[in-house]
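The values are calculated or read from the model by the stated rules, or taken from the named source; none is laboratory data. Predicted model only: the values in this text are computed from it and were never measured. Cβ: placed from backbone, ideal geometry, glycine included. Neighbour counts: every protein chain shown. Accessible surface is based on the protein model in full, side chains and every heavy atom, while ligands, DNA and RNA are left aside. Shrake-Rupley method; radii C 1.70, N 1.55, O 1.52, S 1.80 Å.
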Amino acid sequence: MVSIELPDGSKRSFDLPPTVAEVAATIGAGLAKAALAGRIGTGADARLVDTSHRIEGDARLAIVTDKDAEGLEILRHSTAHLLAYAVKSLFPEAQVTIGPVIENGFFYDFAYKRPFTPEDLAAIEQKMGELARLDETVSRRVLPRDEAVAWFKSLGEDYKAEIISSIPPGQEVSLYREGAFEDLCRGPHVPSTGRLKHFKLMKVAGAYWRGDHNNEMLQRIYGTAWATKDELQQYLHRLEEAEKRDHRRLGRELDLFHLDEHAPGLVFWHPKGWTVWQQVEQYMRAVYRDNGYLEVKGPQILDKGLWEKTGHWDKYRENMFTTESEKRDYALKPMNCPGHILIFKQGIKSYRDLPLRYGEFGQCHRNEPTGGLHGIMRVRGFTQDDGHIFCTEEQILEECVAYTALLRRVYADFGFSEIIYKVATRPDARIGSDAIWDKAEQALSESLRRSGCDFKLSPGEGAFYGPKIEYTLKDAIGREWQCGTMQVDFSMAGLLGAEYVAETGERRTPVMLHRAIVGSLERFIGILIEQHAGALPAWLAPHQVVVASITEEHAPYAASVAKMLQKQGVRVATDLRNEKIGYKIREHSVQKVPYILVVGGKEQADGTVAVRARGNQDLGVMQLEGFVAKLSQDLASRR
């Protein structure tokens, strides 16, 4: 007799060992039809199995469907196999390699004599649909390692044979077959190909075998798969929106910045882009000033010995740029924390001085791999709105609660209303005792509870010197961007000998809170560009207003209007060219200028302006003072 316990606590008994599918059938026909796999056990001991898996003894079982995260992953992995099946059907000489699940989809790498074309991709996708409609059973078998190597060699699949050969001798491997195609895989997989209905192939790219540039170049086909047609369409729509909002394209079109091969991973800011930068920086500078931060500035290059003391040299060396002078080794700072500790150490500090809050727009450099660079979102040189709070243990909670409230206000001003909160806990490689980590993790979690924030834990994702809260923004099309952090660090200040005089007169090591709100300004500006699709709100826009004359005769009046606005602190440009006014309006609309003021003979005679707002809104004729009042209201509300 086999007893199966279900997630609701109920049990099913079977005279003979049942399959997962048979257990699902006893629960209901609907669940049996929806079942993709089974999850046996709970917690860290849980394992996923096929619906055909026979359960030999008493067990706890959950039926996995496409409504579960694991179910969606199984769908995507099975679709990767379907892709390989289609490629082998159309191009028998192609060799298959690996095909894992990735975020929102999957890919599969192939070795073939010529590059796949867009027409090939369309044919492969069509073939996948045909094979899926055959609804062929997906079956599993197990072979000894050496038999599996021989089997794939007999099929001409040298890459698969190489993969299996790397497995220790004496072990077994599992293979999955659907129709005429069989592939190496741990599984589990969907019961049959008919479960794979909502997928699309996205693109082809090059990829080195085993990720080694010394190996041969393969062809990687990317695809996406979803549980429903609506989910697939929504995802494709998000991709279209993301393409429209791509900060790299908008950066070129709006003349904000460029990237150059002479300085990979570094940004060349153009006048308009630097104006946006300055608005973000000056806004954050005001946040510092109004919330008790003292702005400081540390050097770019620090001695290797300092980084050894803090632990960065051991744990972060591969990401640091180094240099040498007079037989001394230095590193460009990848973060600002050690410099702030050195500033704190200058002069005697008392408990009365705490909390002491330092802020810096600190330029950092990190040696990111070329393949990881992405526009201004992932760069090698960046500036952080970096801050460090030196405080007592008793002040941690209050400081963290105040910081979360401040961060929420800042994000709202930039147009973000939804924030996701996570507490990243101790990693395996860390400094400090477990007791210290317990205190730090508890403080961060309690601060979010007191702030009324729902949060999740990210086990093992903390920094090596302390746990952290990660504040993640959700943008206008549902993408998530991790920006702000708050880290509690009991260790680093002590490693560099920072102390304060306690109320008792004894010397104590301050707790160090590492915090950033926008994080990298480069990355945050890229996020802002994509959030607003380049149409930055007036308070951030490079040009808030363009004054355009209808004819050259009205150019002096247009220039005088612009000068008056400039005196009011408005970022204004003029368009006095001998062009048709319709052409001028279209051009500045494409540049996403918030307001275009058109002036002609009537406006000049009446001392007025004809106002057009972004989005092709005709706001009519206004007195200049009235327009300035409206613009001032927009700027104050940061709409």
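Remarks
For every residue, the table says whether it meets (1) among the hydrophobic types (A, V, I, L, M, F, W, C); (2) in a strand (DSSP E or B); (3) open to solvent by 30 Å² or more (accessible area, probe 1.4 Å).
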site: 177; (1), (2), (3): no, yes, yes
site: 194; (1), (2), (3): no, no, no
site: 201; (1), (2), (3): yes, yes, no
site: 210; (1), (2), (3): no, no, yes
site: 219; (1), (2), (3): no, yes, no
site: 223; (1), (2), (3): no, yes, no
site: 230; (1), (2), (3): no, no, yes
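- In region 409-434, the residue that is farthest from the chain's Cα centre (by Cα) out of those that are of a type in the set (Lys, Arg) and surrounded by 17 or more Cβ atoms within 10 Å (Cβ to Cβ) is 430.
- Listed by position, the strands (runs of 3 or more DSSP E) enclosed by region 246-365 that each have at least 2 residues that are among the charged types (D, E, K, R) are 328-332, 356-365.
- Qualifying position, being more than 25 Å from residue 162 (Cβ to Cβ) and of a type in the set (Lys, Arg), among 133, 114: 133
- Flag if residue 298 is under 25 Å from the mean Cα position of the chain (by Cα) and either in contact (Cβ under 8 Å) with a residue 12 or more places away in the chain or over 30 Å from residue 402 (Cα atoms) (or both): no
- Test: residue in region 156-171 that is in a loop (DSSP other than H, G, I, E, B), under 19 Å from residue 85 (Cβ atoms) and open to solvent by 80 Å² or more (accessible area, probe 1.4 Å): no
- Residue within region 399-411 that is under 20 Å from residue 481 (Cβ atoms) and of a type in the set (S, T, N, Q) present: yes
Conditions (1) at pLDDT 95 or above; (2) surrounded by fewer than 23 Cβ atoms within 10 Å (Cβ to Cβ); (3) not aliphatic (A, V, I, L, M), marked per residue:
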position: 495; (1), (2), (3): no, yes, no
position: 498; (1), (2), (3): yes, yes, no
position: 502; (1), (2), (3): yes, yes, no
position: 507; (1), (2), (3): yes, yes, yes
position: 513; (1), (2), (3): yes, no, no
position: 525; (1), (2), (3): yes, no, no
position: 529; (1), (2), (3): yes, no, no
position: 537; (1), (2), (3): yes, yes, yes
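- Among the candidates 573, 555, 562, residue that is buried (at least 17 other Cβ atoms within 10 Å of the Cβ) and touching a helix residue (DSSP H, G or I) at 6+ places or on another chain (Cβ under 8 Å): 573
- Residue check, residue 268 out of contact with any helix residue (DSSP H, G or I) (no Cβ under 7 Å at 6 or more places or on another chain), open to solvent by 20 Å² or more (accessible area, probe 1.4 Å) and not basic (Lys, Arg): yes
- Yes/no for residue 385 being more than 25 Å from residue 471 (Cα to Cα), out of contact with any Asp or Glu (no Cβ under 6 Å at 6 or more places or on another chain) and of a type in the set (Asp, Glu): no
- Criterion applied to 56, 119 was being more than 22 Å from residue 180 (Cα to Cα), acidic (Asp, Glu), surrounded by fewer than 17 Cβ atoms within 10 Å (Cβ to Cβ) and free of Cβ contacts under 8 Å to residues at least 12 places away in the same chain, and the one residue passing it is 119.
- Odd one out for residue 360 among (1) surrounded by 17 or more Cβ atoms within 10 Å (Cβ to Cβ); (2) within 30 Å of residue 529 (Cβ to Cβ); (3) at pLDDT below 95: (3)
- Residue in region 471-480 that is of a type in the set (Phe, Trp, Tyr), within 14 Å of the chain's Cα centre (by Cα) and in a helix (DSSP H, G or I) present: no
- Residues (assigned to a strand (DSSP E or B), open to solvent by 20 Å² or more (accessible area, probe 1.4 Å) and closer than 30 Å to residue 402 by Cβ) located in region 366-390: 384
- Only listed residue being modelled with pLDDT under 95, open to solvent by less than 50 Å² (accessible area, probe 1.4 Å) and farther than 30 Å from residue 156 by Cα, chosen from 69, 46, 37: 46
- Yes/no for residue 567 being open to solvent by 30 Å² or more (accessible area, probe 1.4 Å), under 29 Å from residue 274 (Cβ atoms) and under 34 Å from the mean Cα position of the chain (by Cα): no
- Beta carbons closer than 9 Å, at least 6 apart along the sequence or on distinct chains, pair a first residue in region 143-168 that is closer than 15 Å to residue 94 by Cβ and among the acidic types (Asp, Glu) with a second that is open to solvent by 60 Å² or more (accessible area, probe 1.4 Å) and in a helix (DSSP H, G or I) for 157/151.
- Which listed residue is under 30 Å from residue 609 (Cα atoms), β-branched (Val, Ile, Thr) and crowded, with 24+ Cβ neighbours inside 10 Å, from 488, 545: 545
- Cβ-Cβ under 9 Å pairs, at least 6 apart or on other chains, region 222-242 side of a type in the set (S, T, N, Q), far side assigned to a helix (DSSP H, G or I) and open to solvent by less than 70 Å² (accessible area, probe 1.4 Å): 224/76; 224/79; 224/232; 224/235; 224/236; 224/239
- Checked against (1) under 17 Å from the mean Cα position of the chain (by Cα); (2) at pLDDT 95 or above; (3) of a type in the set (A, V, I, L, M), residue 373 passes all but condition (2).
- Being under 12 Å from residue 78 (Cα atoms) and touching a Phe, Trp or Tyr at 6+ places or on another chain (Cβ under 8 Å) holds for only one residue in 209, 226, and it is 226.
- Index of the failed condition, residue 438 passing every other in (1) out of contact with any strand residue (DSSP E or B) (no Cβ under 8 Å at 6 or more places or on another chain); (2) over 16 Å from residue 297 (Cα atoms); (3) surrounded by 15 or more Cβ atoms within 10 Å (Cβ to Cβ): (3)
- Residue list for region 77-93, restricted to those being open to solvent by less than 20 Å² (accessible area, probe 1.4 Å) and touching a residue at least 60 places away in the same chain (Cβ under 8 Å): 78, 79, 80, 81, 82, 83, 84, 85, 87
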